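What follows is a short report on a single structure.
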Amino acid sequence: MKSLLAYIRKGEFYKAVVEQGSDIIFIVDFSGTIHYHNASVKTLGYRAKGLIGKNIFDYISPETLESFQRQFRQSQRKAFNQKIEFQFRCRDNSYRYFEFNSINLKHRGGPEGLILDCRDITQRKEDAAELLRLQKTKEQFMANISHEIRTPINGIAGMIELLSQNPSDEDRKTFLNAIKHSAENLKVIINDLLDLSAIESGKLRFEKIPFNPAELIQNLTQTFTYQVREKRLDFHVQIAPELNIMIVGDPARLNQILTNLVSNAVKFTHRGSITLTASLSKSGTRKCLLRVSVKDTGVGIPEDKLQTIFESFSQADASVTRRYGGTGLGLAIAKQLTELQKGNITVQSREHAGSEFTITIPYPCSNTIRKLEQSKDYLLKPPPSGLRVLVVEDNEINRMYAELLLRSWQCITDTAENGLIAVEKVKSCVYDAVLMDVQMPVMDGYESTKTIRQLPGRSGSIPIVALTANATKADLDKCLAAGMNAFLPKPFTRDDLYRILFVELKLTPAKISSISANVNEPKFNLDYLKRVSNHDKAFVRDIINTFAQTASELAGKMEREMQVNNWYEIGRLVHQIKPSLSLLGMHDLREVAASLEASCKTSNTRELTQPVTRFIETLRIIAAKIVIEEI
């Protein structure tokens, strides 16, 4: 304690706090003349004692001088005053923000003067200004998004209303095209928002798969053919021959970048042309640099806006948003996707003359030249009919959409509103595939899939396709980890669903005869029955005798119904015996029963005679065998 008192008495405290402190200390008289200041004025570019004798009012910015003088006069009447903001001129004629707290020396019995403790608040003011700018940007963005989302929704609602009024075939086609166009616009906006969120949260992951850049660019440009023709623009596509090789990367993200650039060119070009030029240069044995430029003769970008167009929610100016629409996210996403792949994006533009955007992205590549394929030739092949598909989806419209697509391929469809119902349906019926929504009430798609995978026999190995609006790699990994076989992001098209079911999974309907042929010798397992009965032999014997009697009676009824081709009734009789087959551990035979039940309602009856006959014979064999073995 004595050493601390000695420190204070020697004036070290004064030197540390006043002379060498971070705040600037002024002592001024009531006229504003500076009689003292500490060494901290050096931070403003002035030398020590360089402002003594000067008038402080001469250094206050004109914008804050009036309020400063008013508060200065008030400080002369108060013992203390605090947090008075002003701007002080530096030696280089720039201004910094300060706030002062004042002590009135006259109120302490001293001369007419003020001690001004001035704290630099420039950073705080800049932060506040930036926060205000961001808030205004956010408000403008929300207004844009609201407008952009409401516009296609209003268009869809209006066209649906017109469709309900029995229009002519020509008008109906026009209305449906308008609905499709509005839905596509809405899809782009939502995808932009999701992508931006994934990028900013650091959760975006890039695929590393081989693809042909020439094929990708060729297919992409074909999607803009109608829009370009509608605006009567010339569209030139120049793909260098060296692009016709396999490179390794994320084709979906490259497609997204280029789609944004071409879409912008189409949007902002009213006459003239759009030119896409793509080339590839080797930068090593297995390295290459992809370069793609999109040049247009559109409205161009003012020079002072070129530095901000890649910012989120930013367009050249507010009038662009009002005239052309858009969220201002496209170029921001394109830039971030490019740079996350160690690439670069640049822009050259002159107002009223056009713009040219250029991206360069490095990729690993091979020397293999691959012949370009027609991207959708497989759609010309008719899919196999009779596929049994369970659509698990809590949204009624989404269920209807999937069912209509499946039925157009002569699929047999069934539906479930949640995962729990799906599990029960898979237990009791045979399906060739399940379309499984991920987010549902009661039981979600992940839990439902895990439960199905634990079912015995064929039911546990049924192909399951995830349907989800969350389309990141993390979501894909989660679906595969749950036991799903494939992944279909929503919203999906007819082509997308066809590709998953008939190209990737190569699904074909399971034949009833081939299923029942697997049950060469009927087997049963009484472990479950014994366990639930606490090994009560009398109870087990009663169940077995009841099953044997019921199975024999149902077999006889099925034979009689076959004679009159009453296949629907046969399906109902099969349904009756199905729970008993599960109880007695005959899971293979239960699957045959489930498949027969579904087929009796939907299939060509000529195909059922043999499998139903085999099923009847199997029932009679098992009824006799189970009684004999238990006795």
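If you take the residues of region 463-484 that are buried (at least 20 other Cβ atoms within 10 Å of the Cβ) and closer than 17 Å to L507 by Cβ, which of them is modelled with the lowest pLDDT?
L467
May I ask you to list pairs of residues, at least six apart or on different chains, whose Cβ atoms are under 7 Å apart, with the first in region 113-131 being basic (K, R) and the second being modelled with pLDDT of 90 or more?
Pairs found: R119/F98; R119/E99; K125/Y97.
For I421, are the conditions met, namely being surrounded by 19 or more Cβ atoms within 10 Å (Cβ to Cβ) and closer than 23 Å to R590 by Cα?
Values: surrounded by 19 or more Cβ atoms within 10 Å (Cβ to Cβ): no; closer than 23 Å to R590 by Cα: yes.
Criteria not met by I421.
Among the residues of region 33-47, how many are assigned to a loop (DSSP other than H, G, I, E, B) and surrounded by fewer than 18 Cβ atoms within 10 Å (Cβ to Cβ)? Don't jump to the end; show me each part of the working.
Quick first cut of region 33-47, residues assigned to a loop (DSSP other than H, G, I, E, B) only: 38, 45-47.
From what is left, the residues that are surrounded by fewer than 18 Cβ atoms within 10 Å (Cβ to Cβ) are 45, 47.
Residues that pass the stated criteria total 2.
Condition (residue is crowded, with 17+ Cβ neighbours inside 10 Å and either touching a strand residue (DSSP E or B) at 6+ places or on another chain (Cβ under 6 Å) or assigned to a helix (DSSP H, G or I) (or both)) applied to region 125-141: is it met by at least one residue? Steps first, answer last, please.
Looking only at region 125-141, we keep the residues that are crowded, with 17+ Cβ neighbours inside 10 Å, and these are 141.
Subset that is either touching a strand residue (DSSP E or B) at 6+ places or on another chain (Cβ under 6 Å) or assigned to a helix (DSSP H, G or I) (or both): 141.
Yes, there is a match, as at least one residue in region 125-141 is crowded, with 17+ Cβ neighbours inside 10 Å and either touching a strand residue (DSSP E or B) at 6+ places or on another chain (Cβ under 6 Å) or assigned to a helix (DSSP H, G or I) (or both).
Can you tell me how many residues in region 576-586 are modelled with pLDDT under 80 and crowded, with 19+ Cβ neighbours inside 10 Å?
0
Going by what's in this entry, would N191 be described as on the phi > 0 side of the Ramachandran plot and either buried (at least 17 other Cβ atoms within 10 Å of the Cβ) or at pLDDT 75 or above (or both)? Please lay out each step first, then the result.
Numbers: on the phi > 0 side of the Ramachandran plot: no; either buried (at least 17 other Cβ atoms within 10 Å of the Cβ) or at pLDDT 75 or above (or both): yes.
The answer is no for N191.
Regarding T269, is this residue in contact (Cβ under 8 Å) with a residue 12 or more places away in the chain, in the same structural domain as I309 (by TED's automatic domain parsing) and surrounded by fewer than 18 Cβ atoms within 10 Å (Cβ to Cβ)? Give the steps one after another, and end with the answer.
Working: in contact (Cβ under 8 Å) with a residue 12 or more places away in the chain: yes; in the same structural domain as I309 (by TED's automatic domain parsing): yes; surrounded by fewer than 18 Cβ atoms within 10 Å (Cβ to Cβ): no.
Considered against the rule, which asks whether it is in contact (Cβ under 8 Å) with a residue 12 or more places away in the chain, in the same structural domain as I309 (by TED's automatic domain parsing) and surrounded by fewer than 18 Cβ atoms within 10 Å (Cβ to Cβ), T269 comes out as no.
Go through (1) more than 30 Å from E311 (Cβ to Cβ); (2) not in a helix (DSSP H, G or I) and name the single condition Q87 misses.
(1)
Where residues in region 597-616 are at pLDDT below 80 and among the hydrophobic types (A, V, I, L, M, F, W, C), which of them is nearest to the chain's Cα centre (by Cα)?
Across region 597-616, the extreme among qualifying residues is A598.
If I ask for residues that are modelled with pLDDT of 90 or more and in contact with a Leu (Cβ under 9 Å, 6 or more places away or on another chain), which ones from region 220-245 would you list?
F235, H236, V237, Q238, I239, A240
Write out, first by first residue and then by second, each pair whose Cβ atoms fall under 7 Å of each other, whose residues are 6+ apart or on separate chains, and whose first residue, in region 478-504, is without any contact (Cβ under 8 Å) to a residue 12 or more places away in the chain while the second is of a type in the set (A, V, I, L, M, F, W, C) and crowded, with 16+ Cβ neighbours inside 10 Å.
Cβ pairs passing all conditions: D496/L488.
The values are calculated or read from the model by the stated rules, or taken from the named source; none is laboratory data. From a predicted model like this one, the values you see are computed outputs, not experimental measurements. Cβ atoms come from the backbone with ideal geometry, glycine included; neighbour counts cover every protein chain shown.
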